[in-house]
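Every number here is computed from the coordinates shown, using simple stated rules; none is lab data. Source: prediction; values computed, not measured. Methodologically, a virtual Cβ is constructed for each residue, glycine included, from the backbone with ideal geometry; neighbour enumeration extends over all protein chains shown.
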Amino acid sequence: MKKSSRLPWLIGALPLGAIVVSFLIFSMSPVPQIASDSRPVPALRGVSYELFRVQELPWAIHVLTIDRTRQDLELMTTLGRGSKIGLSGLTEQLRLIPSEWGRPVAAINGDFYRTEGEPYAGDPRGLQILAGELVSAPADRACFWVDAQGNPRMGEVTGGFAVTWPDGSQTPFGLNEEREGSMAVLYSSAVGASTGTSGGTEYVLERASDGPWLPLSPGMHYQARIRQIRGGGNTPLKPDILVLSVGTFSRLLSPRGAVGDMLKISTTTKPDLRGVKTAIGGGPVLVRGGQPRPGHVHKSMERHPRSAIGWNQKEILFVEVDGRQRGWSVGMTLPELAEYMVRLGCQEAVGLDGGGSAELWFNGRIMNRPCYGHERQMANTLILVEKKEAGGTMNNPVLK
């Protein structure tokens, strides 16, 4: 079998956190498929998949490489319920993508999220932009996005989300998330049929000018008119309205606006993400400028299943490391993953959710071995689509 040109790791090449054994030599030869699966890995121009095995640990590392020169390939995000926040398996999320996006080619699990049994299950913990729609606010964590020129980017994004009232005062707000205590949260129909809140004061907002309106986009300023003011929470949502929900113990003890009043809504971010169609949360930053930077993350020295996205001038890579499976793969620490992304040639790389959510899908099937033995319900994914050609001759495949 042909040796990979990317690696192998030799003596002394163990990443930080690993125990170096002077006589240990890693054998890292790619194999075309998982050993227990006899189906061949399909080929696609500009997209390739390899499975690397390190028997001594052991490690099973799945690497999908995307040629950045292919203009008909595009990175997008998904949500658990199609266009709505929720939970579902990766394969199910691919079934729900709009046909006009094109053909799904590859996918990797996305952001950390609120799990089953929690309020607002499926709420991504960080930023998400879905086909240009802002559905989740940035948090104090790293994220990945594709800028308006089509280049991959990563880093911390901060939001200047605020509503300006008729008296000129401002209130910061969260987006499509649980409203806790005295905070204010802006809800769009991406959260579901209603706000899901209890108590507080809720302002039903409608379009107030010929300027931009829904769906929400980052880096914008909107004008809204108060259509209705409600108490008790759980206000119904529709695609043409927003609902600003303010907690009972807020400084807004009495309404600052009345029905018919005009409000201003800001979705500015730093850096400015205006024009961005795709963004997803994750973390930590693993590689910056070709150097490993795993950061100081809790439990970073424990080996777990891991997922990451990395890139250089020529390629974008989806990387998934199986874990928690004795005899197959023990997983990586974050420093090990950072070092590995550098060895793959990444100039930049950022981690995604891991553990039971770590999954890599390629051209019709899950390529890795999820540690629970099945697909986990997750909030979102990062997918690669082959866009329709002019004339719309491309059809979505039947996903398996």
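Values for this structure:
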read-out	value
Shape call, the stretch 161-267: gyration tensor on alpha carbons, a/c limit 1.5	rounded
Total formal charge among the other residues, if their Cβ is under 12 angstrom from that of residue 193, Lys/Arg +1 and Asp/Glu -1	+3
For residue 194, distant residues with modelled amide H under 5 Å away	237
Principal axis dimensions, the stretch 226-364 - Cα atoms, whole angstrom, descending	63, 36, 35
Inter-probe distance in nm under a simple model that places probes 7 Å from Cα toward Cβ, at residue 178 and residue 118	0.8
